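Enquirer: Let me begin by handing over the structure; questions about it come next.
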Amino acid sequence: MNVIRTTPPRPVDVTAVFPQLAPLARPAIRLHPRPGAPSPHDSSVGGPLLWPADEPWPHCHESHNQMDDLYEAYEVRASEDYEWHDGPNPMVPMAQLYVRDIPLLRPPGEADLLQVLWCPFEHEPDYKPPTALFWRSSAAVTGTLGTPPGPFAVEYDGYIPRPCVLTPEQITEYPNSTDLSKELQQQLRDWSNWQAAGSAVDSSWAPYPDSFYGSELSVAPGWKVGGWPGWGLTDPIARFCTACGAKMAPLLTIASCEWDSSNMGWVPYEDQALGSLDDSCVANPPKVKVSRTNRLQLYVCPEYPDHPHTDLIQ
């Protein structure tokens, strides 16, 4: 991982304007997936997994042949590369993350590797792809599976990631405004508070001061580990562990794009010379599209990471 990606510094120190935010700072690691040829020994998005040869490959056991209404509602069609039939569907590798590259991960026991797979199909009732997490010790894998089974059912191409290498970068995030108190939300909407920061704040944001916070200062776009969740489809929804009741923490955000026109300030320096930054080939290197253009947020129990995880479309 000798290539780097560098997020520009935020245009203003938000904690200098709103000291109340300082205790709410959280570390996050932007993954910066970019097309490449990862090996099973690399952290990757859509790359091959370090999967034990003697361990069964995970399958989705839900139905995959009763989706006509969904196709019509979402205006998508079945890929012509797949033959439709019912039965267990082999899951697709989404991400492989080594703790050596992503130190924010807190694996259980002696594990040093997280593997994330999903079924490339949206299922009821939430119409999102089911996910599976596997924590394992890489040193314990002595023989790897050569060629894993591929899925027989794929809803559309955006659920098959293009293999990407990662250039992880740690940043600091602050909560989405809807995660803040009503009083602080009101202060964010008062442009006079931002004017105290001086020329560092672009005056074009004056009519939309809270949007300045949301777009430039709080939650980073794109693929990331940890940090704060981004909200948009719903207000904040607390997730609780079904095994122990602990409040769950954001683990991984699977994004439909690395940035868009609303958050161009997060584009890494190294990508700013790529021409049209809003081009889908630049802004979405894995070519993943979650529920068309959304994010899939995975949550894990902070006390016991091997407890069942949960996920949420935003």
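Enquirer: Only one of these is more than 17 Å from the chain's Cα centre (by Cα) and either among the aromatic types (Phe, Trp, Tyr) or over 30 Å from Pro120 (Cβ atoms) (or both): Tyr299, Tyr304. Name it. Steps first, answer last, please.
Expert: Working: Tyr299 fails: more than 17 Å from the chain's Cα centre (by Cα).
Result: Tyr304 is the single residue among Tyr299, Tyr304 that is more than 17 Å from the chain's Cα centre (by Cα) and either among the aromatic types (Phe, Trp, Tyr) or over 30 Å from Pro120 (Cβ atoms) (or both).
Enquirer: Go through (1) at pLDDT below 95; (2) surrounded by fewer than 20 Cβ atoms within 10 Å (Cβ to Cβ) one by one and return the number of the condition Gln115 breaks.
Expert: (1)
Enquirer: Being in contact with a Phe, Trp or Tyr (Cβ under 6 Å, 6 or more places away or on another chain) and within 29 Å of His309 (Cβ to Cβ) narrows it down to one of Pro168, Pro221, so name that one.
Expert: Of the residues listed, the single one that is in contact with a Phe, Trp or Tyr (Cβ under 6 Å, 6 or more places away or on another chain) and within 29 Å of His309 (Cβ to Cβ) is Pro221.
Enquirer: Then there's this: Residues to consider are Ser215, Ser177, Ser256; find the one that is surrounded by 12 or more Cβ atoms within 10 Å (Cβ to Cβ), of a type in the set (Ser, Thr, Tyr) and touching a residue at least 60 places away in the same chain (Cβ under 8 Å).
Expert: Checking each option against the conditions leaves just Ser256.
Enquirer: Do you know which of the residues in the stretch 224-242 that are small (Gly, Ala, Ser) and modelled with pLDDT of 90 or more is surrounded by the fewest Cβ atoms within 10 Å (Cβ to Cβ)?
Expert: Within the stretch 224-242, the subset small (Gly, Ala, Ser) is 226-227, 230, 232, 238.
Filter again for modelled with pLDDT of 90 or more, leaving 226-227, 230, 238.
Details: Gly226: 20, Gly227: 25, Gly230: 22, Ala238: 7.
Filtering the stretch 224-242 for residues that are small (Gly, Ala, Ser) and modelled with pLDDT of 90 or more, the one surrounded by the fewest Cβ atoms within 10 Å (Cβ to Cβ) comes out as Ala238.
Enquirer: If you check Pro207, Pro250, Pro221, which single one turns out to be in a loop (DSSP other than H, G, I, E, B), buried (at least 20 other Cβ atoms within 10 Å of the Cβ) and not charged (D, E, K, R)?
Expert: Numbers: Pro207 fails: buried (at least 20 other Cβ atoms within 10 Å of the Cβ); Pro250 fails: in a loop (DSSP other than H, G, I, E, B).
After applying the criteria, what remains is Pro221.
Enquirer: Go through the stretch 150-189 and give me each residue that's charged (D, E, K, R) and part of a strand (DSSP E or B). Working first, answer last.
Expert: Taking the stretch 150-189 and keeping what is charged (D, E, K, R), we get 155, 157, 162, 169, 173, 179, 182-183, 189.
Scanning the stretch 150-189 gives Glu169, Glu173.
Enquirer: Could you list all residues from the stretch 121-151 that are closer than 22 Å to Pro52 by Cα, at pLDDT below 90 and touching a strand residue (DSSP E or B) at 6+ places or on another chain (Cβ under 9 Å)?
Expert: Across the stretch 121-151, there are no qualifying residues.
Enquirer: Free of Cβ contacts under 8 Å to residues at least 24 places away in the same chain and not in a strand (DSSP E or B): does that describe Pro125? Break it down into steps so the answer makes sense when it comes.
Expert: Working: free of Cβ contacts under 8 Å to residues at least 24 places away in the same chain: yes; not in a strand (DSSP E or B): yes.
Against the criterion (free of Cβ contacts under 8 Å to residues at least 24 places away in the same chain and not in a strand (DSSP E or B)), Pro125 qualifies.
Enquirer: Please enumerate the residues belonging to the stretch 1-13 that are modelled with pLDDT of 95 or more and more than 23 Å from the chain's Cα centre (by Cα).
Expert: none
Enquirer: How many residues does the stretch 1-50 hold that are surrounded by 12 or more Cβ atoms within 10 Å (Cβ to Cβ) and either touching a Lys or Arg at 6+ places or on another chain (Cβ under 9 Å) or among the β-branched types (Val, Ile, Thr) (or both)?
Expert: Of the residues in the stretch 1-50, 20 are surrounded by 12 or more Cβ atoms within 10 Å (Cβ to Cβ) and either touching a Lys or Arg at 6+ places or on another chain (Cβ under 9 Å) or among the β-branched types (Val, Ile, Thr) (or both).
The values are calculated or read from the model by the stated rules, or taken from the named source; none is laboratory data. Here the structure is a predicted model, which means the values were calculated and not measured. Here the Cβ is made from the backbone with ideal geometry for all residues, glycine too, and neighbour counts use every protein chain on show.
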